[in-house]
1. Inspect the range A:98-116 for any residue being surrounded by fewer than 22 Cβ atoms within 10 Å (Cβ to Cβ), out of contact with any strand residue (DSSP E or B) (no Cβ under 9 Å at 6 or more places or on another chain) and in the same structural domain as A:N158 (by TED's automatic domain parsing) and give the result as yes or no.
2. Test B:Y52 against the criterion of being crowded, with 20+ Cβ neighbours inside 10 Å, touching a Pro at 6+ places or on another chain (Cβ under 9 Å) and not aliphatic (A, V, I, L, M), and give yes or no.
3. Quick check: anything in the range A:102-123 touching a helix residue (DSSP H, G or I) at 6+ places or on another chain (Cβ under 7 Å) and under 30 Å from B:T26 (Cβ atoms)?
4. Filter the range B:34-52 for residues that are within 30 Å of the chain's Cα centre (by Cα), free of Cβ contacts under 8 Å to residues at least 12 places away in the same chain and facing chain A (nearest Cβ under 9 Å) and give the result.
5. Checking A:N284 against (1) assigned to a helix (DSSP H, G or I); (2) surrounded by fewer than 20 Cβ atoms within 10 Å (Cβ to Cβ); (3) of a type outside the set (K, R); (4) in contact (Cβ under 8 Å) with a residue 40 or more places away in the chain, which single condition isn't satisfied?
6. Among (1) in a helix (DSSP H, G or I); (2) in contact with a helix residue (DSSP H, G or I) (Cβ under 8 Å, 6 or more places away or on another chain), there is one condition B:E346 misses while meeting the rest; what is its number?
7. Can you tell me which of B:N180, B:N154 is free of Cβ contacts under 8 Å to residues at least 60 places away in the same chain, touching an Asp or Glu at 6+ places or on another chain (Cβ under 8 Å) and not β-branched (V, I, T)?
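The values are calculated or read from the model by the stated rules, or taken from the named source; none is laboratory data. Keep in mind the model is a prediction, meaning the values are calculated, not measured. All Cβ positions, glycine included, derive from the backbone under ideal geometry; neighbour counts span all protein chains shown.
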There are 2 protein chains.
Amino acid sequence: MRLPDFKVEQWMNDYENEAVYNLTDTCVSPLTFQQLVSFDDGQSFMNLKLDYGEITGAAVLKKQILSLYETGTEENITVMQGCLQANESVIYTLLSPGDTVIAYEPGYQQFTDLPLSIGCKVITLKLYEENGWQPDIAELEEAMKQDVKMIIVNQPSNPTGVLFSEEYMEKLLQLADEKNAYILSDEVYRGLYDEPSVSDLYRRGISTSSLSKVYSLAGLRLGWIKGPKEVIDLINVRRDYSIISTGPLADHLAALALSHKEAILKRSREIVSENQKIVEEFVNSHPIFHIVMPQAGTVGFLGYEAEINDTMLAQQILKEEGVFFVPGSCFGCEKHLRIGFTCDPETMKTGLAKLLEYLEKK
Amino acid sequence: MRLPDFKVEQWMNDYENEAVYNLTDTCVSPLTFQQLVSFDDGQSFMNLKLDYGEITGAAVLKKQILSLYETGTEENITVMQGCLQANESVIYTLLSPGDTVIAYEPGYQQFTDLPLSIGCKVITLKLYEENGWQPDIAELEEAMKQDVKMIIVNQPSNPTGVLFSEEYMEKLLQLADEKNAYILSDEVYRGLYDEPSVSDLYRRGISTSSLSKVYSLAGLRLGWIKGPKEVIDLINVRRDYSIISTGPLADHLAALALSHKEAILKRSREIVSENQKIVEEFVNSHPIFHIVMPQAGTVGFLGYEAEINDTMLAQQILKEEGVFFVPGSCFGCEKHLRIGFTCDPETMKTGLAKLLEYLEKK
């Protein structure tokens, strides 16, 4: 079951280490182990027995995860090694060759190419920048005339950072319900503010997330799935062929982080909003740039007007100035750069100044 | 892509917590976090930044992994979250619907049911207890007349603990080479002694392993794949859709463990050989039991002669006496119990005495 290169991940793998000014990272500036365990007064992690632990995730962790949602019990949660794996597991468990899936573009490549690799049909709906990166309701209605098994959404979205409008969301939930379709909602960028979760809104809604982005803890490789019990039960069968468990160390540290989530999220909000202010000011002052400033999440999609294509621009500005972006083409949308509001604000200022200077020279 | 219940894993999930005398665990008595980091004088793990880390595994860890093999460079290694995931990744990357696979029975269900779930044809060859759990060369020759894409072996084997004979192995390598077939070799039970690795013996050999069994560190969820560079490159493409990375914490702790592997393995060898002696003495004294005592690994397959079937026996002796076994039926072989030489020797003695007493009452 061959897959094409995962463009954004390949780009990160190939180039990230060369970055001096990383303006594209999706994870809020990561915590150290020391910073994390400073929450654990008794250093109770020292006594952990490194066996498989609780197979579908520690009960204490599931309880903390549930605090992020309005509804559900432990039976609605299974713990995974990151949100990417959570998505993979939902897709492999619920989809079969021939099923029809809806995804969005610009978007994260996993949502189209993983279903395609197992022989699904994928309908890609467009997000329109001129409409604040909103999709079109009429296009959704048209697509939903088909026998759609799953709609895959990503809110806040990577790379645009945008949430669907209330009007669009309402229509989506109504049409999905009529068709008995699943909605897989990647909510890995959710949590900084008060964004709703699809798993709280819809009987066949499956929400995935992790500690990697707004919790600054990608290094724990800890994610989860929240969904209907019968879906979680099916996923847990597949899980036995794939991961066994996430282990007591990651579970313990994840529960520790979530039990101190307000402190971690406060730090993340400050970093993100300071960077957003810098970007906003920059874009307002320099009309060759434009951005739909997102209300949530950690990323945005910076457009520019210049002759140079985005892949070339991203490669050259990295090589010549050490400024690192993922080009929009990795998400199926040219003349854009994915920007992460996650770095040290001084880095953001310097990197943007270098970007401007570079484009003005052209 | 539905999968049937994974019998042995389901059994462990359903019953393990009820065990008073766990005589079936495959992992040598697990280390604590404290025991592991006692190797790290400077507590350097405290300063780790919890970002994604090195995407295909930390270079320092790959170097330690290579010390377990005769051949290869860093390009032949990719790091995974356990051996199960390593196997899954090899199977999903290299196999497509319609491919023919050879596996063995009694054996680990992942090797048959994961290929079946993606539409492969699986030929199952038998391991013959009367022949020391060796498979039959003539049966292999017959099977290899087909267009075989991959042979999946598990050495030392779960549940028998046995390695293929040199004669069988030689024939297997020769026939695989003639057909240009891959050999996926799950070597998660390798390492206590000086067992060879298929990845060192065969140009299309792919070996998988982890720290879970002989290294007593299942809780790190850390495994790896060693194989030809072109296979590792393909797996790394799929990896981007599935795990991103194993993270700097698990990588660091795994490298720490492997840099002190002699101390860990010495402890494991002592635990396993003491338990083996107890089991051997027990079987020799009580002719209703028989076992092919393995030369390697951490498990063996205890046969018994009595009217009660193995699933019933395992359920009842757990309920009535707290003694925990996985029944042979979970591996496709009745009237056997999978035994792990991994527990406290006193537990082994007490558990076996209770098993004998229970069967004698019947």
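1. So far as the range A:98-116 goes, no, none of its residues is surrounded by fewer than 22 Cβ atoms within 10 Å (Cβ to Cβ), out of contact with any strand residue (DSSP E or B) (no Cβ under 9 Å at 6 or more places or on another chain) and in the same structural domain as A:N158 (by TED's automatic domain parsing).
2. Answer is yes for this residue.
3. no
4. The answer is B:Q34, B:Q35.
5. (4)
6. Failing condition for B:E346: (2).
7. Values: B:N180 fails: touching an Asp or Glu at 6+ places or on another chain (Cβ under 8 Å).
Exactly one of B:N180, B:N154 is free of Cβ contacts under 8 Å to residues at least 60 places away in the same chain, touching an Asp or Glu at 6+ places or on another chain (Cβ under 8 Å) and not β-branched (V, I, T), namely B:N154.
Rundown of residues vs (1) surrounded by fewer than 17 Cβ atoms within 10 Å (Cβ to Cβ); (2) at pLDDT 95 or above; (3) under 30 Å from A:L318 (Cα atoms), yes/no style:
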{"site": "A:E18", "(1), (2), (3)": "yes, no, yes"}
{"site": "A:P30", "(1), (2), (3)": "no, yes, yes"}
{"site": "A:S44", "(1), (2), (3)": "yes, no, no"}
{"site": "A:T56", "(1), (2), (3)": "no, yes, no"}
{"site": "A:S67", "(1), (2), (3)": "yes, yes, no"}
{"site": "A:T73", "(1), (2), (3)": "yes, yes, no"}
{"site": "A:I77", "(1), (2), (3)": "no, yes, no"}
{"site": "A:C83", "(1), (2), (3)": "no, yes, yes"}
